[in-house]
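Chemist: I have a structure here, written as structure tokens, and I will follow up with some questions on it.
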């Protein structure tokens, strides 16, 4: 299985390290933006969390392009993205 960065490249998804701002008590590690498409990883993310964050956001890209069905429940979507990231790890 390719690493998350290589897989992002294969999908044509740019990966950027960025300041994702202050989200109060929540730590935003990464976000997926279908306009691009681009995955932005927080510059504050721990180095060992970056690959997993990219893999998690790639799941959301796969939803956006119709490769996997978009689940109705947000929590279920996040669990599915976590499971995908775990399989890539």
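The numbers here are math on the coordinates, done by the rules we state, and not lab data. Because the structure is predicted, anything quoted here is derived from the model rather than measured.
Chemist: Pairs of Cα atoms under 8 Å, at least six residues apart: use those to get the relative contact order of segment 4-88, whole percent. Let's see the in-between values first.
Modeler: Details: 110 pairs, mean separation 23.2, N = 85.
The value is 27 percent.
Chemist: Moving on. What is the log10 of I(q)/I(0) for the chain, computed with the Debye formula using one identical point scatterer on each Cα and no solvent, at q = 0.15, 0.17, 0.26 Å⁻¹?
Modeler: -0.52, -0.68, -1.48
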